[in-house]
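Here is the structure we will look at.
The values are calculated or read from the model by the stated rules, or taken from the named source; none is laboratory data. Here the structure is a predicted model, which means the values were calculated and not measured. Quick reminder, even Gly has a Cβ in these numbers, built from the backbone with ideal geometry, and neighbours come from all protein chains shown. Please note that ligands, DNA and RNA were not included when accessible areas were found on the heavy atoms of the full protein model with its side chains. Shrake-Rupley method; radii C 1.70, N 1.55, O 1.52, S 1.80 Å.
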Protein chains: 2
Amino acid sequence: MPPPAAISPDSAPVQIALDAMGGDHAPEAVVAGAARLSLSAPRLQLTLVGDVARISAILERTRHDPERLSVQHAAHAISMDENPREALAGKPDASLLVAARMVAAGQADALVTAGNTGAAVLACARSFGLLPGIRRAALAAVYPTQRVRGGQRDPFSLMLDVGATVECTADDLVAFAVMGSAYARVISRNPSPSVALLSNGAEPMKGPRQVVEAHARLRLHPGLNFLGNVEGVDIPKGTADVVVCDGFTGNVALKMLEGVNETVVALARYAYKRKLLWRAGLAMLAGGVKRLKALTDWQQYGGAPILGFDRLVIKAHGRSGERAIVNACKVAAKAAGSGLLGHIAQGIEQARDADAREQGVAG
Amino acid sequence: MPPPAAISPDSAPVQIALDAMGGDHAPEAVVAGAARLSLSAPRLQLTLVGDVARISAILERTRHDPERLSVQHAAHAISMDENPREALAGKPDASLLVAARMVAAGQADALVTAGNTGAAVLACARSFGLLPGIRRAALAAVYPTQRVRGGQRDPFSLMLDVGATVECTADDLVAFAVMGSAYARVISRNPSPSVALLSNGAEPMKGPRQVVEAHARLRLHPGLNFLGNVEGVDIPKGTADVVVCDGFTGNVALKMLEGVNETVVALARYAYKRKLLWRAGLAMLAGGVKRLKALTDWQQYGGAPILGFDRLVIKAHGRSGERAIVNACKVAAKAAGSGLLGHIAQGIEQARDADAREQGVAG
């Protein structure tokens, strides 16, 4: 395997392999996003991976710069609701796998896909290696919060893992903290992102064994701004820039957040039946929530990384439109240009050194 | 230990031991609630457990029926933020422990406390036995949903465990399902409450090992209306009448729900800064949420049970006022009068029989 191509200096062009067939609006939205970027982002080189006939047909009627945009044929596509294992086994030439192989071979710096999440995680696990000291990958997610953070004043927090690793060890949680912190530093331009462990209480002894152990070790990590434990109520509040948890809890939490707007609207309807006087207020409530949803739209952010691999991967939302694809590619380019993988490797090494020192003191 | 006093026929009076010193508004709110019940609920016999001087002083100026209301002195009180273990060790005559001992001795049918949750779970574990076939207790919580359910058309779902048992086995999850179902049948007058396992996907194989195993066993339980797995998004929706999970995940989920209203208001403020045009709508939004909060107030429900013990325990919210205390006592009386503990024991036996049958088939 060649050395990671992902750590390139700021000035070099960034090569992105785009899974043109992944997502609810593929290939149209993906091709449109790539076409727009080819005209507006001179540092990017984009490869659309997928059905060459369909992609070419869209490109023919879409303004783009052919110097910055190429097409790589892939015979198959994995749909959103396919079983990941079966899809990968049955479609070795799926666009997702072809794009991942390009990145593995060093022909591109980052993979961007809006397709089937489970298949994306599995394809990465099969195509890429893990960074040294990392046992399992983490799927991260960004979600809206009140607090703004980082150089970009983003009203977003990062949470990981949200589903790649359902059962985690303390080692995994420490690695996720390091990876999340590095990502927030690079992408949100937040020089010292606060990192917290999700638990059932603020006290260091609260939680299952692996959380208690991870807490003890994260406290000693010199490179992290570790806040300690946060609770469920802190997730919507946005108390921490990076929330670390196992993939099971993170998945439940993320999907609850997705349901929040829906719930408020639903409760409003219930209340509405009860008290007609609230009619105006509750109609406004429902409308307001819809607008808030638009405001805090994930399309603004574009995507979230799958972290832990020795290659860069941005998973855009399945419902991504052109704008979300554009933003996901920009995030991938920023991660590649800033040496994210090097930052993560360095953080993992620091964690290992801190553990070794602690064991020396204890021994 | 005498036989459980909790299964009493519908016509017999129900004896309730009330921790008068537990909760943010104790003893005033607890005494006021008991006084009101003594006048309005002829089937209840209430014992206020706590500082006799303070309780008597409040009773002197509060209309009540002394025939139905007695006071049992307890020298100490456990505060809301005390460490549960230390509090129980240092205060053997705390009102909570004295009340629990009364219930253990059969002098009362149920314990009601609005005090320190951790201390309440621990006091029960020390004072009571577990029902046969139950390894660990579960703290349940009710939370508002859109869907109304049960004979009372309650817009509430039950979730358990929300913090008593942080690490659960498949056995525990099956027991929680049985207990939650029995409770919903009795309290919400829901003849066949739907029960679901919280997981990171709807498929039976999704989730950590214990969730997958519990799913397989719950499918075979003849006495349960088992829906299968639900995801985080289903919690606020209220897809299931009873949501079953480990105490860690349940605690995170419950605390996230508590933060939901807060978040919507917070996001509204963020949006407000961005777009002044939304001003009116967002002001309504904030006001609407406040009203919704009042509507879906936990005070309406009163409290939630701690399940698994051979005695009845209702944990009222720490912020309980008089009305919440009244409702918590009514819930306790309903649980006692309907033989909840017997229903739970029966459900656990059915689960054991179903497992045995399955092993017979498999073997």
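In table form, for the structure just shown:
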read-out: Residue match in segment B:24-47 (condition: in the same structural domain as B:A333 (by TED's automatic domain parsing), surrounded by 19 or more Cβ atoms within 10 Å (Cβ to Cβ), over 14 Å from B:V326 (Cα atoms) and among the β-branched types (V, I, T)); value: no
read-out: Unique residue being surrounded by 23 or more Cβ atoms within 10 Å (Cβ to Cβ) and in contact with a Pro (Cβ under 6 Å, 6 or more places away or on another chain) when the list is B:A110, B:A119, B:A99, B:A123; value: B:A119
read-out: Enumeration of residues in segment B:181-208 that are open to solvent by less than 30 Å² (accessible area, probe 1.4 Å) and in a helix (DSSP H, G or I); value: B:S181, B:A182, B:Y183, B:A184, B:V186, B:I187
read-out: Single condition A:S70 does not satisfy, out of (1) in contact with a Gly (Cβ under 8 Å, 6 or more places away or on another chain); (2) open to solvent by less than 70 Å² (accessible area, probe 1.4 Å); value: (1)
read-out: Pairs with Cβ under 7 Å, 6+ apart, first in segment A:332-343 and open to solvent by 10 Å² or more (accessible area, probe 1.4 Å), second part of a helix (DSSP H, G or I); value: A:K334/A:V186; A:K334/A:I187; A:S338/A:V186; A:H343/A:A182; A:H343/A:R185; A:H343/A:V186
read-out: Any hit, segment B:143-166, residues being among the charged types (D, E, K, R), open to solvent by 10 Å² or more (accessible area, probe 1.4 Å) and at the interface with another protein chain (Cβ under 8 Å from one of its Cβ atoms); value: no
read-out: Residues that are more than 14 Å from chain B (Cβ to nearest Cβ), of a type outside the set (G, A, S) and open to solvent by 20 Å² or more (accessible area, probe 1.4 Å), drawn from segment A:209-236; value: A:R217, A:R219, A:L220, A:P222, A:L224, A:N225, A:F226, A:L227
read-out: Failed item, numbered, when B:Q346 is tested on (1) open to solvent by 30 Å² or more (accessible area, probe 1.4 Å); (2) modelled with pLDDT under 80; (3) not charged (D, E, K, R); value: (2)
read-out: Residue in segment A:34-46 that is out of contact with any helix residue (DSSP H, G or I) (no Cβ under 8 Å at 6 or more places or on another chain) and under 26 Å from A:A125 (Cα atoms) present; value: yes
read-out: Qualifying positions in segment A:57-83 - of a type in the set (S, T, N, Q) and within 21 Å of A:L97 (Cβ to Cβ); value: A:S70, A:Q72, A:S79, A:N83
read-out: Hits in segment B:237-248 (condition: within 9 Å of chain A (Cβ to nearest Cβ) and open to solvent by less than 30 Å² (accessible area, probe 1.4 Å)); value: B:G238, B:C245, B:D246, B:G247, B:F248
read-out: Residue that is in contact with a helix residue (DSSP H, G or I) (Cβ under 8 Å, 6 or more places away or on another chain), open to solvent by less than 70 Å² (accessible area, probe 1.4 Å) and closer than 23 Å to B:F128 by Cβ, where the choices are B:G90, B:G50; value: B:G50
read-out: Index of the failed condition, A:G23 passing every other in (1) in contact (Cβ under 8 Å) with a residue 60 or more places away in the chain; (2) assigned to a helix (DSSP H, G or I); value: (2)
read-out: Pair list, Cβ < 7 Å and 6+ apart or interchain, from segment A:48-71 residues that are more than 13 Å from A:P27 (Cα to Cα) to residues that are open to solvent by 50 Å² or more (accessible area, probe 1.4 Å) and in a strand (DSSP E or B); value: A:R68/A:Q45
read-out: Segment A:203-221 residues that are assigned by TED's automatic domain parsing to the domain that holds A:T169, paired with ones that are of a type in the set (F, W, Y) (beta carbon under 7 Å, 6 or more apart); value: A:G207/B:F248; A:P208/B:F248; A:L218/A:F226; A:R219/A:F226
read-out: Filter result (of a type in the set (D, E, K, R) and open to solvent by less than 10 Å² (accessible area, probe 1.4 Å)) within segment B:167-180; value: B:D172
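Every residue, every condition in (1) among the hydroxyl-bearing types (S, T, Y); (2) assigned to a helix (DSSP H, G or I); (3) at pLDDT 55 or above; (4) in the same structural domain as A:A214 (by TED's automatic domain parsing), yes or no:
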{"site": "A:V243", "(1), (2), (3), (4)": "no, no, yes, yes"}
{"site": "A:N251", "(1), (2), (3), (4)": "no, yes, yes, yes"}
{"site": "A:M256", "(1), (2), (3), (4)": "no, yes, yes, yes"}
{"site": "A:N261", "(1), (2), (3), (4)": "no, yes, yes, yes"}
{"site": "A:R279", "(1), (2), (3), (4)": "no, yes, no, yes"}
{"site": "A:A283", "(1), (2), (3), (4)": "no, yes, no, yes"}
